[in-house]
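The structure appears right after this line, and notes come after that.
The values are calculated or read from the model by the stated rules, or taken from the named source; none is laboratory data. Treat the numbers as computed from the prediction; the structure is a model and nothing was measured. Neighbour counts are summed over all protein chains in view; Cβ atoms, including those assigned to glycine, are modelled from backbone coordinates with ideal geometry. Quick note on the areas: whole protein, heavy atoms, side chains included, nothing else; ligands and nucleic acids left out. Shrake-Rupley method; radii C 1.70, N 1.55, O 1.52, S 1.80 Å.
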Amino acid sequence: MDCAVIAREIKRDDLLQMYYYLRLTRALEDRITALYRQGRIVGGVYTSHGMEAIAVGYASALERDDIIAPFHRDMGAFLIRGFTPGEVLAQYLGKKTGPTKGKDGNVHMGDLKRGVFGFVSHLADNLPVAAGAALAFKIRGESRVVFAGTGDGGSSRGDFHEAMNFAAVRKLPVVFFCNNNQYAYSTPLRLQMAVANVVDRAQAYGMPGEIVDGNDLAAVYVAAKQAIARARAGEGPTFLEFKTMRMHGHSEHDPAKYVPRELLEEWKMKDPILKAEKLLQSLGYGGERYFQEVVDRVKREVEAGVEFAQQSPLPEGPDVLLGVFADSADSH
Amino acid sequence: MTTTTQAAGEVSYLEAISQALDEEMARDERVFLMGEDIGAYGGAFKITEGFLEKYGEWRVLDTPLCESGFVGAAIGAAMMGLRPVVEMQFADFISCAFDQITEVAAKNHYRWGAAVPMVIRAPFGGGVHGGPFHSECPEGWFFHSPGLKLVAPSTPYDAKGLLKAAIRDPNPVIYFEHKFLYRRIKSSLPEEDYVVPLGKADIKRTGNDISVITYGAMVHLALEAAQTLAHEGIDLEVVDLRTLIPLDKETIYSSVSKTSKAIVLHEDNKTGGVGAEISALLAEDCFDCLDGPIVRIAPPDTPVPFSTPLEEFFLPKTSDIVAAARRLGAY
């Protein structure tokens, strides 16, 4: 379907807001990459460069009470849920003001109050957890939904399949998604699975699925809205495969020489931000001047975040001992 | 192993667990159960018999065969404010859920502040001819993983009180219930609601000569050995840990300070087990009060075998404790 046609289903303000988050994500992650190259970040840096439309699209389609179990290239979802650039940068710099207070790094952050589950490196581990959150909603009769994802590589893990099967059997209000960016670290899709599409894996569980252009903001948003509505109506889980391309290495230390350059050139033309700008222009919602204003605004916000993070204190060594056990679960 | 004679009003270890689940489900509507065959069938050991009819299919959930999947689901439900109690059917199968337990449940609060109030019931232990896949004592795997609480009751009273405490705890708790004790150990229980707090060991027998530090089914072997040895003038003190994490070092240390000799006894394999840690703690912190070597009694480092003579050889016996105590007494 033509993307301008789909986009007419979306409110103008929502689209403009999503464009802002695309730009904020890109600016923040590009800044993090720059800090990494200057040697100012310890640990890994994983960016969603070229994939920003997925998290921005689905997180915008959810209601505030819904839960997100993001994949590690879903920075846009964190930002939409209220994680500030300053907090994110503090997390990357291992500062006390980051969401994990220095206990964990980079995108391994979460916050129950903001409805975001902390990412687990063991890919797909959060999918059964997401199904369990959806189970809680179903048991209590709440009309809340969980949106939970992994990558093409993660879809090979047992927990991916156990979660899909359990959610399908109990018709849980969860939407599973896969950011199919064609490479799991260096492993190409053809060595990951013998089926053509990740969505084919959903069929085995009696779960409806759809392939979505992950670089098309409007397509992601509309597909997410439909799957969420289905979950909220008690019709059970849906699987969405967002086709995209990872434009950087697995992490910033990885030059990704295993990816053919021509493939990257091809996907560069499909950059989600360029696509979104074309869409906004075609709808008459904004032009070059407006885009530049947004770019300037997010740059200021990111720089303020850098300032905040740099001035934030590091945790104290003995803080390592805090928080192994919870004193109460009352914050729920 | 001795078993108490059943008297009127006495309940078995198994019934005590069942009562704890029933009472907690009645007390708190957030408590629900998940596991394989726990619904219509009532559980492999019939702990949850009648629960499906009483509480319905959304509080007693039969799951697909997916230990990792349903433990993960319990974590998610716990974070959303419910109080899941998962049954592992046989503790051996917990290996399938190892990743969810150690990487997600154990670390979520530490990493990003999300409490995970859930219980995993793990029927463990040998003596029932279960063979290598139905008799294991896997507590050592989790003893080494920060963020989990581990419980292993030896009596109906403790089984009920500790399970209630585990369900009310805001952390992930693995509750190791011993299959051998299910129908062999009985006692009368208080009428009123009670809990046995996590992290408090119990002196099951006071004595002056040697401390036997143990838990689970082995507590009963130690008590039996104590009876035999009493005739020889060796007075054993039996320390039942009840909770492995948090470990009640205070009670262990005060017992060993009094007796000055220690036997550490468990049913899990010897190398790298809970006993190794307790022995090391005693060596570090109680060296001055020891009048003899710390003695460990535990099965050899093999899987739990099936055939009767093999399993009998594998499991610690009362006579092992008696022999060790005689040697240590004479030291």
(message) Solvent-accessible area of A:M109, probe 1.4 Å, all protein chains present, reported in Å² to the nearest ten, please.
(response) 0
(message) Quick check on packing: order A:45-51, B:203-209 by the mean number of other C-beta atoms within 10 Å, highest mean leading.
(response) A:45-51, B:203-209
(request) Would you calculate a helix-derived [θ] at 222 nm for chain A, using -39,500 (n - 2.57) for each DSSP H run of n ≥ 4 and dividing by the full residue count, to the nearest 500? (result) -14000 deg cm²/dmol
(message) Within the range A:1-57, what whole-number % of the accessible surface is contributed by carbon and sulfur, with the 1.4 Å probe and all protein chains included in the calculation?
(response) 46
(message) Give the lysines reachable from A:K95 as a straight Cα distance under 20 Å; neighbours fewer than 8 places away on the same chain don't count.
(response) A:K103, B:K107
(message) Using 0.36 nm times the number of residues separating A:E307 and A:L283, minus their current alpha carbon distance, what extension gain do you get?
(response) 4.9 nm
(request) Leaving ligands, DNA and RNA out of it, report the carbon-plus-sulfur percent of the accessible area of chain B at a 1.4 Å probe. (result) 54
(request) Skip the ligands, DNA and RNA, and give the accessible area per residue of the range B:71-169 with a 1.4 Å probe, whole Å². (result) 21
(message) Can you pull out the chymotrypsin sites (Phe, Trp or Tyr not before Pro) in the range A:240-322 whose DSSP state is coil and whose Cβ has at most 14 other Cβ atoms within 10 Å?
(response) A:Y258
(message) Threshold 50 Å², probe 1.4 Å: give the residues of the range A:311-325, in number order, that are less accessible with all protein chains present than with their chain alone.
(response) A:V324, A:F325
(request) May I ask what percent, to the nearest 5, of DSSP beta bridges between residues of the range A:180-297 are antiparallel? (result) 25
(request) Any of B:K204/B:K317; A:K101/A:K270; B:K261/B:K317; A:K138/A:K225; B:K54/B:K200; B:K46/B:K186 with alpha carbons more than 27 Å apart? Name them for me. (result) A:K101/A:K270; B:K54/B:K200
(message) Quick one: 3J(HN,Hα) in Hz for the range A:240-254, Karplus 6.51/-1.76/1.60 with θ = phi - 60°, rounded, Gly and Pro as x.
(response) 10, 9, 8, 7, 7, 9, 7, 8, 10, x, 3, 10, 5, 7, 9
(message) Can you give me the angle between helix B:218-230 and the longest principal axis of chain B, using Cα atoms only, in degrees from 0 to 90, rounded to the nearest 10?
(response) 20
(message) Rounded to the nearest 5, what % of DSSP beta bridges with both residues in the protein assembly as shown are antiparallel?
(response) 15
(message) For peptide A:166-174, what's the mean number of Cβ atoms from other chains within 10 Å of each residue's Cβ?
(response) 3
(request) Hey, can you find the accessible area per residue of chain A for me, probe 1.4 Å, expressed in square angstrom? (result) 40
(message) I need the phi-derived Karplus couplings for the range B:35-44: 6.51 cos²θ - 1.76 cosθ + 1.60, θ = phi - 60°, integer Hz, Gly and Pro marked x.
(response) x, 7, 6, 8, x, 4, 7, x, x, 4
(message) Using a 1.4 Å probe and counting only protein heavy atoms, how much accessible surface gets buried when B and A come together, both sides summed, in Å² to the nearest 100?
(response) 3500
(request) Just read off the accessible area of B:D288 with the full protein assembly in place, 1.4 Å probe, to the nearest 10 Å². (result) 150
(message) Under the rule a/c < 1.5 gives rounded, and otherwise a/b versus b/c splits prolate from oblate, where does the range A:234-279 land using the Cα gyration tensor?
(response) oblate
(request) Give me the distance between the Cα centres of the range B:203-220 and the range A:129-190, rounded to whole Å. (result) 48
(request) Quick one: which residues, 5 or more positions from B:S188 or on another chain, have an amide H under 5 Å from its amide H? H modelled 1.01 Å from N in the peptide plane, none for Pro or chain starts. (result) B:V11
(request) Using 0.36 nm per residue of separation minus the Cα-Cα distance, give me the extension gain between B:F98 and B:E49 in nm, one decimal. (result) 14.9 nm
(message) If you fit an axis through the alpha-carbon atoms of helix B:274-285 and take the longest principal axis of the Cα set of chain B, what angle between them do you get, 0 to 90°, nearest 10?
(response) 50
(message) How shielded is A:109-118 by partner chains, expressed as the average number of their Cβ atoms within 10 Å of its Cβ atoms?
(response) 4
(request) Would you please give the FRET efficiency between A:L274 and A:L322, computed as 1/(1 + (r/R0)^6) with r the Cβ-Cβ distance and R0 = 51 Å, to the nearest 0.05? (result) 0.65
(request) Sort B:D301, A:D271 by accessible area with a 1.4 Å probe, largest first. (result) B:D301, A:D271
(message) Under a crude label model (7 Å from the Cα following the beta-carbon direction), how far is A:Q38 from B:V195 in nanometres?
(response) 5.1
(message) Using a loss threshold of 50 Å², tell me which positions in the range B:158-185 are less accessible in the complex than in their chain alone. Probe radius 1.4 Å, ligands and nucleic acids ignored.
(response) B:P170
(message) Could you sort A:H248, B:H134, B:H266, B:H231 by their accessible area in this structure, using a 1.4 Å probe and putting the largest first?
(response) B:H231, B:H134, A:H248, B:H266
(request) Return the average number of partner chain Cβ atoms within 10 angstrom of each residue Cβ along peptide B:52-58. (result) 1
(message) Of all beta bridges DSSP finds with both residues in the range A:50-201, what is the antiparallel percent, to the nearest 5?
(response) 25
(message) Could you derive backbone 3J(HN,Hα) for the range B:204-209 from the dihedral phi with the Karplus parameters 6.51, -1.76 and 1.60 (θ = phi - 60°), listing whole Hz in sequence and x where the residue is Gly or Pro?
(response) 7, 8, 8, x, 10, 9
(request) Name the shape class, rounded, prolate or oblate, that the alpha-carbon gyration tensor gives for the range A:158-253, where a ≥ b ≥ c are the square roots of its eigenvalues, rounded holds for a/c under 1.5, and otherwise prolate holds if a/b is larger than b/c and oblate otherwise. (result) oblate
(request) Please report, as a whole percent, how much of the solvent-accessible surface of the range A:183-267 comes from carbon and sulfur atoms (probe radius 1.4 Å). (result) 54
(request) Report which residues of the range B:94-134 become buried by 50 Å² or more of accessible surface when going from the isolated chain to the complete set of protein chains (1.4 Å probe; DNA, RNA and ligands ignored). (result) B:D99, B:H109, B:Y110, B:R111, B:W112
